[in-house]
Amino acid sequence: MTLYRANPKDGIAWITGGSSGIGRSLAKDLAAQGYMVAVTALDEDPIDTLIVETAQMPGRVVAYPCDVTDELRMAKTVAAIEKDLGPIVLAVFNAGNYLATPGEDLTVGNFRKSFEVNYFGIINGLVPLVEYMRVRARGHIVLVGSVTAYFGWPTTAAYGGTKAAINILAESLKYDFDKMNIRVQVMNPGFVDTALTEKNLLPMPGLMPVNRASRRMARGIKSGGFEVTFPRRLSWGLKFISLLPRPFCRWFINTTTHWQARPLNFDRKPPSK
């Protein structure tokens, strides 16, 4: 049996983190394909302009605001979309944040917030949604990871940790999702020119415009395999490096980012005795 792949004729697409960046651009791409797209973002990040921009497209965008870290409200959002618009056949869990986490300035809050948004923001929507897809015996789920999942980079102890966890989540769920006719994909983009990457302290080779990145994601949803990663000249090179001994990986990162020469920056006072 061929594993199910979402089609706009079958039902609704749902995107989290759709008010800006790659999520917003992907919502346009899916609306252009004819999907009715339910877009979830924070209450303070309205998508009114996105709705206007897609008004003349074959599909349309509908707002379902929610904080992805709110477990109860996310379950209610899934139920509301299913009731109001129809079956969710495609879910793209894209909501995320990047909090730079250099080793000399660690805070528990950075790690907690990163996992609450990037990882549990997926879990809070995935768990209730899979119940609907399981009963229907079909569905298509996309988890947005990152090439930073392949090995450790400076300042990504929190962010990269969440993206590595997302990759393992997708790998682990695929065994049983395949049996339920639920396709799961993980998208591992390289550096995309968004508000998140503006906060990045590292060089960003192969930086892609957001509309080009979302088109690659849209193509991957239509025809890609389990992992979709781009740009290939960056991602496949990083995949190869990740297979080498870890001392070489660290040498490569230190050499390309000049991180070893970066002075430590102690912004905070030492703990009181």
Q: Can you work out which of the residues in the stretch 129-155 that are among the small types (Gly, Ala, Ser) and over 17 Å from the mean Cα position of the chain (by Cα) is nearest to Asn7 (Cα to Cα)?
A: Gly139
Q. For the stretch 91-143, what are the residues that are open to solvent by less than 10 Å² (accessible area, probe 1.4 Å) and not in a helix (DSSP H, G or I)?
A. Ala91, Val92, Phe93, Thr101, Gly139, His140, Ile141, Val142, Leu143
Q: Would you check if there is a residue in the stretch 178-186 being surrounded by fewer than 17 Cβ atoms within 10 Å (Cβ to Cβ), among the basic types (Lys, Arg) and at pLDDT below 90?
A: no
Q.
Here are the criteria: (1) over 20 Å from Ile221 (Cβ atoms); (2) in a loop (DSSP other than H, G, I, E, B). Tell me which single one Thr162 does not satisfy.
A. (2)
Q. Which condition number does Lys222 fail, the rest of (1) under 17 Å from Phe151 (Cα atoms); (2) at pLDDT 90 or above; (3) not aromatic (Phe, Trp, Tyr) being met?
A. (1)
Q. If you take the residues in the stretch 51-89 that are in contact with a Lys or Arg (Cβ under 9 Å, 6 or more places away or on another chain) and under 20 Å from Arg136 (Cβ atoms), which one is surrounded by the most Cβ atoms within 10 Å (Cβ to Cβ)?
A. Val89
**Q.** the stretch 212-250: number of residues that are of a type in the set (Phe, Trp, Tyr) and touching a helix residue (DSSP H, G or I) at 6+ places or on another chain (Cβ under 9 Å)
**A.** 3
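Counting only residues that are β-branched (Val, Ile, Thr) and at pLDDT 65 or above, which one in the stretch 187-211 is most open to solvent (accessible area, probe 1.4 Å)?
Val210
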Q) What number of residues within the stretch 17-37 satisfy the criterion of being within 14 Å of Ala218 (Cβ to Cβ), open to solvent by 20 Å² or more (accessible area, probe 1.4 Å) and outside any helix (DSSP H, G or I)? A) 2
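Yes or no, residue by residue, for (1) aromatic (Phe, Trp, Tyr); (2) part of a helix (DSSP H, G or I); (3) touching a residue at least 12 places away in the same chain (Cβ under 8 Å):
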position: Thr2; (1), (2), (3): no, no, no
position: Trp14; (1), (2), (3): yes, no, yes
position: Val39; (1), (2), (3): no, no, yes
position: Pro58; (1), (2), (3): no, no, yes
position: Val62; (1), (2), (3): no, no, yes
position: Val68; (1), (2), (3): no, no, yes
position: Lys76; (1), (2), (3): no, yes, no
position: Ala79; (1), (2), (3): no, yes, yes
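The values are calculated or read from the model by the stated rules, or taken from the named source; none is laboratory data. Since the model is a prediction, treat every value here as computed from it, not as a measurement. In this analysis, Cβ positions are derived from the backbone assuming ideal geometry, glycine residues included, and neighbour counts consider all displayed protein chains. In case anyone asks, the SASA skips ligands and DNA or RNA and just uses the protein heavy atoms, side chains included. Shrake-Rupley method; radii C 1.70, N 1.55, O 1.52, S 1.80 Å.
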